[in-house]
Amino acid sequence: YRAVPNDDKITAINSGDFVTMSKRYADLHALSGYGPRGTDAGKILKTKAKVNEIYWDGNDVNEFGYFPSAKR
């Protein structure tokens with residue numbers, strides 16, 4: 001899942017984006033923080049990912065990097 005601004009042009013999660021495996025965590029991030037004043041709600045994008053496409057830097061257990069072209 002990824003929270004993004006509520007913009008019709010944003011339709012996909014890109015390589016290198018931060019993602020979460022928790023729908024609730026994404027929902028919380030989408031509640032506000034967008035728009036000129038930072039008070040607009042966003043939307044949630046969802047995709048299926050393989051285990052080797054998700055990387056965790058050991059910082060926040062809810063935040064991962066998404067790298068769909070990654071090879072191990």
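The values are calculated or read from the model by the stated rules, or taken from the named source; none is laboratory data. These numbers come from a predicted model, not from an experiment. Here the Cβ positions follow ideal geometry from the backbone for every residue, glycine too, while neighbour counts run over all protein chains shown. Quick note on the areas: whole protein, heavy atoms, side chains included, nothing else; ligands and nucleic acids left out. Shrake-Rupley method; radii C 1.70, N 1.55, O 1.52, S 1.80 Å.
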Those residues of the range 55-72 which are closer than 13 Å to Asn14 by Cα, open to solvent by 50 Å² or more (accessible area, probe 1.4 Å) and of a type in the set (Phe, Trp, Tyr), in sequence order: Phe67
Considering only the range 1-16, how many residues are closer than 15 Å to Asn62 by Cβ and loosely packed, with under 11 Cβ neighbours inside 10 Å? 0
Residue count for the range 37-54, restricted to those that are open to solvent by 70 Å² or more (accessible area, probe 1.4 Å) and without any contact (Cβ under 8 Å) to a residue 24 or more places away in the chain: 5
Out of the residues in the range 17-36 meeting the condition of being at pLDDT 95 or above and not hydrophobic (A, V, I, L, M, F, W, C), tell me which one is surrounded by the most Cβ atoms within 10 Å (Cβ to Cβ). Thr20
